[in-house]
Amino acid sequence: MLVGLTIHNVVLIEKLELGFAPGLTVLTGETGAGKSILLDALGLALGARAESGLVRAGAAQAMVTAEFHVPRDHDSLALLDEQGIERDENLILRRQLGSDGRSRAFVNDQPVSVAFLKTLGEYLIEIEGQFESHGLLDASTHRDLLDGFGAHRAELTRTAEAYRSWRAAETALSDAQTILTQARADEDFLRHAVAELELADPQPDEETKLAMERQLLMAGAQVIEAINAAHQDLAGDRGADRALIAAERRLQRLGDKLGDALAPELAAIAGSLDRAGVELRDAIAGIQGLQSSLDADPARLDKVEERLHLLRDLGRKHRVRADALPELLADLTQRLQLIDGKSGDIAGLTATAAATRKAYLAAAASLTQARQKAAKTLDAAVAKELAPLKLEKARFATRIEALSDNQLGEGGADRVAFEVATNPGAEPGPIQRIASGGELARFMLALKVSLSRAQPVPTLVFDEVDAGIGGATAAAVGERLKRLADQLQVLVITHSPQVAALGAQHWRVEKKIAKGITSTTVATLSTEARREEIARMLSGATISDEARAAADKLLKGAA
């Protein structure tokens, strides 16, 4: 709710600080005192269009700060998170307007765009005037309001989930059909390419391995000569193998000759030679194996080069690396299988899409039934409010129409619009086109009272909702404002004493002239001051005892 409003240099207001309470707050004052200036100032803080004429004469800039207290789960806080704006205990909206018409906007002291300020303000407060074209007059809000009134959260959740499942199934089907269509267009190519690659049978990393083998084979005689020389060095008549054996024998004879004199040392050396012998024999065996492989097939080089050329030609043809041919074969095979019906079950995806659509339409139909039931209840509730507001001949109707297929969404299959007919026998139509100014304000009040539990905005402002009425009708307006204030914070600018008497907080807006300067001030009225203000509203400039007695009666009746 709105907890504070600070105004500096706006038209006739030099400086004003107001603190707001829950419930019904009424603002009264003589015509021209400046009540509309308060709304203009509040509008600035909420992102309304700014004009340099709002800056007080002689001032460099005007500034308005509106402070709100919102619950921790209020939707407005999600907007702050999206913009990276830090949360605080209260939400503070500030607008500065220079005399040159330029303005700056802030939320919790962080700069924001005026557009963002306006969007945020729409979550916090709603101003209802006779000729305002927002709030309940915006038909795009009517479906959400009806759902809130009917408490359709469970139906909405089921419908939204069913819609997302349906759209996901449709997307999967569409993607598969696109792939299939493309595959069919390339079918001849696919069959030829798969047959060619299957015949070649490329293996993972085959090109890399063949290239290394080719390099080795191309070395030819030099490699064989070097390997043979290495074998001779290790296993020949004068090789390391014979030298190692000779060394072992010499040490053995030495041990036999000396007995135990060098036994530990000779044993350690013998162990080392033995291990060296094992390693040496392994090396000789490896060289012999390599000799065998090189000597096994003299035509191996030709075979390797032929295979390499085949793989590299296929890679160039398909514009992939030769080592990527196995993955290409798998991909082309999968696309071909899709055509042959071996994968990508189009029939199954079609069935799933049909089933999820059916489930969505069933959930949407259930939501439609709930809306139709809620609409009857709402129409009856509004009708009950109209007669006391001197709109007994008017008729309110909630119209629910089916959306076309391309308009279906998470919110269901319905379009909702609130309509009225002010004359018997006339067809209902949009409120703003049918109702006159005074009727429109009272229709708004009747709707607000009926929809109070579904009202997403915590603070409502009514600008002269009682214009042009009096007596019992004004009392009925006041009684409904008070009922509405049991659910929400309500601010009312009023000329009706019946409405003013019902306020939990009463302010008087006054225009004062000091040293030739005119300014607007706002005073919080005490009990006695309230009595005098209501008596003034009843009798005019001259307050009579009868007016005071009538004021006492109104205040007593409101208590």
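The values are calculated or read from the model by the stated rules, or taken from the named source; none is laboratory data. These numbers come from a predicted model, not from an experiment. Cβ atoms come from the backbone with ideal geometry, glycine included; neighbour counts cover every protein chain shown. The protein model used for the area step is the full one, side chains on, heavy atoms only, and it has no ligands, DNA or RNA in it. Shrake-Rupley method; radii C 1.70, N 1.55, O 1.52, S 1.80 Å.
Picking from residues in segment 393-408 that are in a loop (DSSP other than H, G, I, E, B) and more than 30 Å from the chain's Cα centre (by Cα), the one that is farthest from Ala375 (Cα to Cα) is Lys393.
Scanning segment 328-350 for residues that are free of Cβ contacts under 8 Å to residues at least 24 places away in the same chain and either open to solvent by 60 Å² or more (accessible area, probe 1.4 Å) or closer than 21 Å to Arg191 by Cα (or both) yields Ala330, Asp331, Gln334, Gln337, Asp340, Gly341, Lys342, Ser343, Asp345, Ala347.
Taken over segment 464-492, the residue count meeting the criterion of being surrounded by fewer than 21 Cβ atoms within 10 Å (Cβ to Cβ) and within 17 Å of Glu122 (Cα to Cα) is 1. In segment 101-116 there is no residue matching the filter, namely being open to solvent by less than 60 Å² (accessible area, probe 1.4 Å), in contact with a strand residue (DSSP E or B) (Cβ under 7 Å, 6 or more places away or on another chain), at pLDDT below 90 and farther than 18 Å from Leu16 by Cβ. Which one is nearest to the chain's Cα centre (by Cα), of the residues in segment 18-41 that are under 13 Å from Ala504 (Cα atoms), part of a loop (DSSP other than H, G, I, E, B) and of a type outside the set (A, V, I, L, M, F, W, C)? Going through the qualifying residues, I end up with Pro22. Under the condition of being open to solvent by 10 Å² or more (accessible area, probe 1.4 Å) and not in a helix (DSSP H, G or I), the residues counted in segment 417-456 number 14. Looking at segment 41-52, which of its residues are surrounded by fewer than 21 Cβ atoms within 10 Å (Cβ to Cβ) and free of Cβ contacts under 8 Å to residues at least 40 places away in the same chain? Passing the criteria: only Arg49.
Answer yes if at least one residue in segment 367-390 is of a type outside the set (A, V, I, L, M) and outside any helix (DSSP H, G or I), and no otherwise. Scanning segment 367-390 turns up at least one residue that is of a type outside the set (A, V, I, L, M) and outside any helix (DSSP H, G or I). Candidates in segment 57-90 are the residues that are more than 33 Å from the chain's Cα centre (by Cα) and open to solvent by less than 30 Å² (accessible area, probe 1.4 Å); of these, the one that is modelled with the lowest pLDDT is Ala59.
Residues in segment 512-530: is at least one more than 46 Å from the chain's Cα centre (by Cα), more than 30 Å from His8 (Cβ to Cβ) and surrounded by fewer than 21 Cβ atoms within 10 Å (Cβ to Cβ)? There is at least one residue in segment 512-530 that is more than 46 Å from the chain's Cα centre (by Cα), more than 30 Å from His8 (Cβ to Cβ) and surrounded by fewer than 21 Cβ atoms within 10 Å (Cβ to Cβ).
When segment 163-203 is examined, which residues are found to be open to solvent by less than 90 Å² (accessible area, probe 1.4 Å) and under 30 Å from Ala299 (Cβ atoms)? If the condition is that a residue be open to solvent by less than 90 Å² (accessible area, probe 1.4 Å) and under 30 Å from Ala299 (Cβ atoms), then Ala195, Glu196, Leu197, Ala200, Asp201, Pro202, Gln203 are the ones that fit.
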